[in-house]
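Comments concern the structure below.
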Amino acid sequence: MSADEKRVSLDVDPEALEQIRQQSIVLVGLMGAGKTTVGRRLAEALKMPFMDADHEIEVAASLKVSEIFEKYGEDHFRDGERKVISRLISGKPCVLATGGGAFMNDETRAIIKKTAVSVWLKAELELLLERVLRRDTRPLLKSGVPRDILGKLMDERYPIYSEADVVVESGDGPHSRVVNAITSALAKWCASKGATS
Ligand code: S3P
């Protein structure tokens, strides 16, 4: 597919687009929800820089996420995750895909809420499962049956993810549909914020 074919045409007007571009957009949600893939397409459509928190953590630590978990444990990873996310969203507005646990950390969530607009990419268990089973790089899925682990994480995390500013269903349709759903929801969010400020 060429870059032009990949480019998503957005349904929102230029003024709304300009407002959306004023702050960083942070994608949250479970592993397999499509935060990185959709985030990249969203950034392209909005002409904003794209960042992936897990990738930036790996660069900063010179280690893979799974190696950080193995060598230093999850708490150490969460600490680095908070620092990296804080650094990334305090710069020029960008689209940032975060790892599934980032928004669960009280401090990280507070930084995101204060500095950026958060978007929960919500997906059904079957879709998440199908996607996460394509790779075996996720440390949290190694300690048991992935379906059970994901189900438990859904129970624990969905009430917190629902604190995101915007919630968008991430189905298995074309990415352009999700990108458009996000920008339309963000346009509404910007308008409602403008109306109350
Ligand atoms: C995690 C999700 C992973 C990664 C780490 C922990 C989580 O990112 O940050 O393995 O706690 O859900 P993805 O959501 O991109 O898979």
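The values are calculated or read from the model by the stated rules, or taken from the named source; none is laboratory data. Since this is a predicted model, take the numbers as computed values, not measurements. Heads up, the Cβs are rebuilt from the backbone with ideal geometry, glycines too, and the neighbour counts pull from every protein chain shown. Side chains are part of the model used for accessible areas, which takes the heavy atoms of the whole protein and leaves out ligands, DNA and RNA. Shrake-Rupley method; radii C 1.70, N 1.55, O 1.52, S 1.80 Å.
Do we find a residue being away from the ligand (no atom under 15 Å from the Cβ), out of contact with any strand residue (DSSP E or B) (no Cβ under 6 Å at 6 or more places or on another chain) and not in a helix (DSSP H, G or I) anywhere in the range 56-63? Spell out the reasoning first.
As a first pass, look at the range 56-63 and keep what is away from the ligand (no atom under 15 Å from the Cβ): 62.
Those still in the list that are out of contact with any strand residue (DSSP E or B) (no Cβ under 6 Å at 6 or more places or on another chain) too: 62.
Right, trim to not in a helix (DSSP H, G or I) and you get 62.
Looking through the range 56-63, at least one residue is away from the ligand (no atom under 15 Å from the Cβ), out of contact with any strand residue (DSSP E or B) (no Cβ under 6 Å at 6 or more places or on another chain) and not in a helix (DSSP H, G or I).
Of these, Thr98, Thr115, Thr137, which one is surrounded by fewer than 14 Cβ atoms within 10 Å (Cβ to Cβ), touching a helix residue (DSSP H, G or I) at 6+ places or on another chain (Cβ under 8 Å) and of a type in the set (Val, Ile, Thr)? Can you show your working first?
Values: Thr98 fails: surrounded by fewer than 14 Cβ atoms within 10 Å (Cβ to Cβ); Thr115 fails: surrounded by fewer than 14 Cβ atoms within 10 Å (Cβ to Cβ).
Just a single option satisfies the conditions, and that option is Thr137.
Residues in the range 26-55 that are within 16 Å of the ligand (Cβ to nearest atom) and not in a helix (DSSP H, G or I): how many?
12
Please go through the range 101-112 and give me each residue that is surrounded by fewer than 22 Cβ atoms within 10 Å (Cβ to Cβ) and among the polar types (S, T, N, Q), ordered by number.
Asn105
Please go through the range 77-93 and give me each residue that is touching a Ser or Thr at 6+ places or on another chain (Cβ under 7 Å), assigned to a helix (DSSP H, G or I) and of a type outside the set (Lys, Arg), ordered by number. Give the steps one after another, and end with the answer.
Residues of the range 77-93 touching a Ser or Thr at 6+ places or on another chain (Cβ under 7 Å): 81-82, 85, 89-90, 93.
Those still in the list that are assigned to a helix (DSSP H, G or I) too: 81-82, 85, 89.
Those that are touching a Ser or Thr at 6+ places or on another chain (Cβ under 7 Å), assigned to a helix (DSSP H, G or I) and of a type outside the set (Lys, Arg): Glu81, Ile85, Ile89.
In the range 67-95, what residues are open to solvent by 40 Å² or more (accessible area, probe 1.4 Å) and either at positive phi or basic (Lys, Arg) (or both)?
Those that are open to solvent by 40 Å² or more (accessible area, probe 1.4 Å) and either at positive phi or basic (Lys, Arg) (or both): Lys71, Arg82, Lys83, Arg87, Lys92.
Could you list, in sequence order, all residues of the range 41-66 that are over 16 Å from the mean Cα position of the chain (by Cα), open to solvent by less than 50 Å² (accessible area, probe 1.4 Å) and free of Cβ contacts under 8 Å to residues at least 40 places away in the same chain?
Glu58, Ala61, Leu63
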